[in-house]
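Asker: Here you go, one structure.
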Amino acid sequence: MTIINNAPSLEVVGAPAIDPGVVEDARTLGIAPDSVLATEVLDGGRGRRTWRIRTASADCVLRRRQFLGDEDVATTVAASLGVGPDVVSSHVASGLILTKWLDGSIPTAPQLRESFLPELAQALLKIHSVTSIHGQPVTEVVSGIDPLMTRADYLATIKGHSEIPQWVRPVLDMDELDVIAHQLGRISSAQPMVLIHGDPVPGNIVTTPTGVKFVDFEYAGAGNAWYEVGHAVAALNLSHEEIIEFSCHYADVDAAPAIEGWSYLAAQAWAVWVAMATDPGARAPMWQEWAQLATQRLLDARANGDFERVLAELG
């Protein structure tokens, strides 16, 4: 495995930076305040909710969660499968979770495409192998995620806006996507619900000496495995040929048409979310670039006849 050395590093110049609020949260999770040497915010633009904490003995990551419950369970399960960070402690009532710092790198989308597709596909497959947790169906342990309902909610919301960004208008009313959604809804209703990460995009994927691992299980839950793979495919902007390669490493080449179909729905929902979001993070250059790439991907798919091909392959 190639390790790309671009992981965020904590460089302390002069006196180390220490955030008192983070130290107090760390105390709640069992870290003695006087052991904290430095803190560093790790967020990618969606608010100050993820921090690296350096102590004399180890580095950890503290997360102030938006949702309660599922992230603890999903991160713990992923860690047991070797595809997530170990959970040190959590405090559900306070919305806090503490995990071990992963020694590794955060590759860009092009780097993931070029060097890590097999490992990424196999890591996702490990998560998707989980259909029960502690002997209970996954649907009874974590929240269910319905991507078709999420997409419908996004579309309904943005159509109520008085000012819709010009760049997203072309993908709001693609009839082909509605037909694909209908076909995928029919297919997914016959599939088991599995554990999904919920947001397997660059920035949440770390390459380590022991393999590809995921961080930020904030949107984890029970869902459709092919949707999750499609979400990853959309984030990486994979070509038709790369999707087939990804599906082979995911050990289900027959799923390629469904995965490609889900990738189009994920791309549309993604673009619409960024266009309508009031969250300041959605205005970050990274998200704007991804959303506009997703929009272009949909327009190219229409121009190249890819929608018709996928519909024919779905049957």
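Asker: Looking at the chain from every direction and averaging, what is the projected area of its Cα convex hull in nm²?
Answerer: 16.9 nm²
Asker: Suppose every K and R has +1 on its Cβ and every D and E has -1 on its Cβ; what is the size of the dipole of region 138-226 about the Cα centre, in Debye to the nearest 20?
Answerer: Charge dipole, region 138-226, about its Cα centre: 180 debye, nearest 20.
Asker: Mind sorting Thr208, Thr99 by how few other Cβ atoms lie within 10 Å of their own Cβ, fewest first?
Answerer: Thr208, Thr99
Asker: Add -39500 (n - 2.57) for each DSSP H run of 4 or more in the chain, then divide by its residues: what number comes out at 222 nm, to the nearest 500 deg cm²/dmol?
Answerer: Using -39500 (n - 2.57) per qualifying helix, the result is -14000 deg cm²/dmol.
Asker: Which of Asp279, Asp252 has the fewest other C-beta atoms within 10 Å, and how do the rest follow up to the most?
Answerer: So the residues, fewest neighbours to most, are Asp279, Asp252.
Asker: Also, I was wondering about something else. Answer rounded, prolate or oblate for region 103-241, using the Cα gyration tensor with square roots of eigenvalues a ≥ b ≥ c: rounded when a/c is under 1.5, else prolate when a/b is larger than b/c, else oblate.
Answerer: The shape class here is oblate.
Asker: Whole percent per 5 Å bin, from 0 to the bin with the longest distance: what is P(r) over all C-alpha pairs of region 16-147?
Answerer: Result returned by the calculation: 2, 9, 16, 19, 19, 16, 11, 7, 2, 0.
Asker: Quick one: if you stick a label point 7 Å off each Cα along the C-beta vector at Glu163 and Gln136, how many nm between them?
Answerer: With each label placed 7 Å out from Cα toward Cβ, I get 4.7 nm.
Asker: Same structure again: Answer with one residue from Thr157, Ala109, Trp262: the one whose Cα lies farthest towards the positive end of the charge dipole of the chain, charges on Cβ with Lys, Arg +1 and Asp, Glu -1.
Answerer: The listed residue farthest towards the positive side: Thr157.
Asker: Let me know the charge dipole size of the chain about its Cα centre in debye, to the nearest 20, where only the beta-carbon of Lys, Arg (+1) and Asp, Glu (-1) is charged.
Answerer: About 580 debye.
Asker: Something else now. Identify the residues of region 120-163 with backbone N under 19 Å of a label point that sits 7 angstrom from the Cα of Ser80 along the Cα-to-Cβ direction, or state none.
Answerer: 123-144, by backbone N distance to the label point.
Asker: Ok, one more. In whole Hz and in residue order, list the ³J(HN,Hα) couplings for region 28-37 that follow from phi through the Karplus curve 6.51 cos²θ - 1.76 cosθ + 1.60, θ = phi - 60°; x for Gly and Pro.
Answerer: 4, 9, x, 9, 5, x, 6, 8, 7, 9
Asker: Can I ask one more? I want to verify a result. In a Gaussian network model of the chain, Cα cutoff 10 Å, which of these has the top mean-square fluctuation: Gln268, Gln183, Gln136?
Answerer: Gln136
Asker: Between Ile133 and residues 5 or more places away or on another chain, which pairs have amide H atoms under 5 Å apart, with H built 1.01 Å from N, and which residues are they?
Answerer: For Ile133, the qualifying residues are Val138.
Asker: Additional query: Report the full-extension gain for the segment Asp300 to Gln122: residue separation times 0.36 nm, less the Cα-Cα distance, to one decimal in nm.
Answerer: Difference between extended and current length: 61.2 nm.
Asker: Let me have the relative contact order for region 109-314, percent, based on Cα pairs under 8 Å that are six or more residues apart.
Answerer: Once normalised by length, the contact order is 28 percent.
Asker: Fewest to most neighbouring Cβ within 10 Å: what's the order for Tyr219, Tyr264?
Answerer: Tyr219, Tyr264
Asker: Would you work out the relative contact order for region 20-100, in percent, from Cα pairs under 8 angstrom that are 6 or more residues apart?
Answerer: Once divided by the residue count of region 20-100, the mean separation gives 24 percent.
Asker: Residue-wise, which Karplus ³J(HN,Hα) couplings in Hz belong to region 119-136, taking 6.51 cos²θ - 1.76 cosθ + 1.60, θ = phi - 60°, and x for glycine or proline?
Answerer: Each residue's phi maps through the Karplus curve to give 5, 5, 4, 5, 5, 5, 4, 4, 4, 6, 6, 8, 10, 8, 10, 6, x, 10 Hz.
Asker: Quote the charge dipole size of region 20-100 about the Cα centre in Debye, to the nearest 20; the model charges only the Cβ of Lys and Arg (+1) and of Asp and Glu (-1).
Answerer: Taking the Cα centre of region 20-100 as origin, the dipole is about 180 debye.
Asker: Hey, which lysines would be in cross-link range of Lys213, C-alpha to C-alpha under 29 Å, not counting anything within fewer than 8 residues on its own chain?
Answerer: Of all the lysines, those that pass the test against Lys213 - Cα under 29 Å, at least 8 places apart if same chain - are Lys100, Lys126.
Here, each number is a calculation from the coordinates, and none is a lab measurement. None of these values were measured; they are calculated from a predicted model. For neighbour counting, all protein chains shown are included, and Cβ atoms are generated from backbone atoms with ideal geometry for every residue, glycine included.
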